[in-house]
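Beneath this line is the structure, given in structure tokens, with notes to follow.
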Amino acid sequence: MKIRNKAKHILSAALSAVMLLGSMPTLTFAAQVNEYVDPADIWVSANGRTNELDFNATITQETGWCPVCNKDTIMLTYRTPEYTKSGSTALNRGVKYSDGTMVDGETVGNLDSGRPNQDASYTTYHWSATRS
């Protein structure tokens, strides 16, 4: 009888402790940092414009429609912060690719590009690929 009472006391103490710990407020931490980091603060210079854009790109894996395969396809997307001397994105001037190729795919336009923290200001995340 004593063993049974002792087991009940231990079990009730354990359940009470679990309930007490479960009712305490918990601290949670977000998986993503909410602080804004200016891309210019961590900009990596390279020996060519394309390399520089690749080094400073945010790479994400996304699903998009492939007109060749006729199905959804997983792809890597490179988003690079664009810096221009005028402060206006190259998309407003019809430049689509980071090598200066226009939306029509043939003519070459003015990138108006500059260096972060030197002679250019941030416009947006623009470059996703270079034309090959």
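The values are calculated or read from the model by the stated rules, or taken from the named source; none is laboratory data. In this text, all values refer to a predicted model and were calculated from it rather than measured experimentally. Here the Cβ positions follow ideal geometry from the backbone for every residue, glycine too, while neighbour counts run over all protein chains shown.
I'm trying to understand the selection: among the residues of the range 48-79, which are modelled with pLDDT of 80 or more and hydroxyl-bearing (S, T, Y)?
Residues satisfying the conditions are T58, T60, T63, T73.
Please enumerate the residues belonging to the range 74-92 that are closer than 16 Å to W43 by Cβ and either of a type in the set (G, A, S) or more than 22 Å from the chain's Cα centre (by Cα) (or both).
Selection gives K85 alone.
Quick check on my filter: what residues within the range 76-131 are aliphatic (A, V, I, L, M), within 27 Å of Q61 (Cβ to Cβ) and not in a loop (DSSP other than H, G, I, E, B)?
Matches in the range 76-131: L76, A90, L91, V95.
V95 passes all but one of (1) more than 19 Å from the chain's Cα centre (by Cα); (2) at pLDDT below 85; (3) surrounded by 13 or more Cβ atoms within 10 Å (Cβ to Cβ); which number fails?
Answer for V95: the failing condition is (2).
Only one residue in M19, M24 is of a type outside the set (S, T, Y), surrounded by fewer than 10 Cβ atoms within 10 Å (Cβ to Cβ) and at pLDDT 80 or above, so which one is that?
When all the criteria are applied, what remains is M19.
Can you tell me which residue within the range 42-70, out of those that are free of Cβ contacts under 8 Å to residues at least 40 places away in the same chain and in a helix (DSSP H, G or I), is nearest to T84 (Cα to Cα)?
That would be E52.
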